[in-house]
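Q: Dropping the structure in here first, questions after.
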Amino acid sequence: MDTLIWDWNGTLMDDVDLCVRLLNEQLERHGYPPVGGIDAYRRVFGFPIEAYYVRAGFDFSRHPYEQLAHEYMERYVPESFACPMQPDARETLEALRARGVRQVILSASPIDTLLRHTDHYGVTEYFDAILGLDDVYGKSKVERGLAWIETSGIDRTRAAMVGDSVHDFEVASVLGVRSILYSRGHQPRETLEATGAVVIDSLRELLNLE
């Protein structure tokens with residue numbers, strides 16, 4: 001592999017605990033029962049975010065998705081800067097750069113928040129491109145990824161996407177690159193394994209893949 005396309009939330013930045021807490025607080029604030037702990041959260045999480053919100057228990061006829069999305073991000077963004085990076089994330093990025101691997105972030109996060117995060121963690125320099133979305137609704141990142149690939153000149157047979165969700169597997173499939181899924185993010189290992197993709201438990205495992 002000479003190109004890695006990284007997801008950000010849950011893959012390089014460990015925001016899972018924060019997301020569990022904010023989801024439960026948002027549910028309770030609007031009169032819904034909380035989903036529970038991290039295992040229950042991982043079982044309902046997924047893309048599109050609207051469908052995940054329905055599985056979590058929200059009724060859009062009472063509380064429109066657009067309202068909930070903005071409300072959530074108003075809490076998430078300021079608190080997210082206290083989240084740690086995933087174990088070995090920085091060391092893995094450094095080791096891959098030393099090998100000459102091109103690295104890109106492709107995220108469903110708003111681009112302004114994404115850039116603030118990478119600057120905050122001091123990792124912006126590791127990436128050839130940082131690709132996010134233009135709003136807070138967490139729609140698919142497929143179009144952004146395809147646009148980059150078409151102008152990048154990469155060999156898709158030597159590229160992989162590293163993410164923590166089934167959606168990342170789906171995105172990689174559309175992009176025409178290999179999929180590698182990380183089990184310490186937003187979805188459980190058994191859900192990731194069902195895709196047939198390689199599943200890793202440590203980001204350092206990437207250094208041993210060919």
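The values are calculated or read from the model by the stated rules, or taken from the named source; none is laboratory data. Note that the coordinates shown come from a computational prediction; the quantities given were computed from them, not determined experimentally. Cβ sites come from the backbone with ideal geometry, for glycine too, and all protein chains shown count toward neighbours. With ligands, DNA and RNA removed, areas are computed over all heavy atoms of the protein, side chains included. Shrake-Rupley method; radii C 1.70, N 1.55, O 1.52, S 1.80 Å.
Q: Could you figure out which of (1) under 24 Å from Pro84 (Cα atoms); (2) open to solvent by 70 Å² or more (accessible area, probe 1.4 Å); (3) of a type in the set (S, T, N, Q) isn't true of Ser165?
A: Every condition holds for Ser165 apart from (2).
Q: So, in region 26-43, exactly how many residues are open to solvent by 40 Å² or more (accessible area, probe 1.4 Å), touching a helix residue (DSSP H, G or I) at 6+ places or on another chain (Cβ under 8 Å) and closer than 17 Å to His63 by Cα?
A: The qualifying residues number 2.
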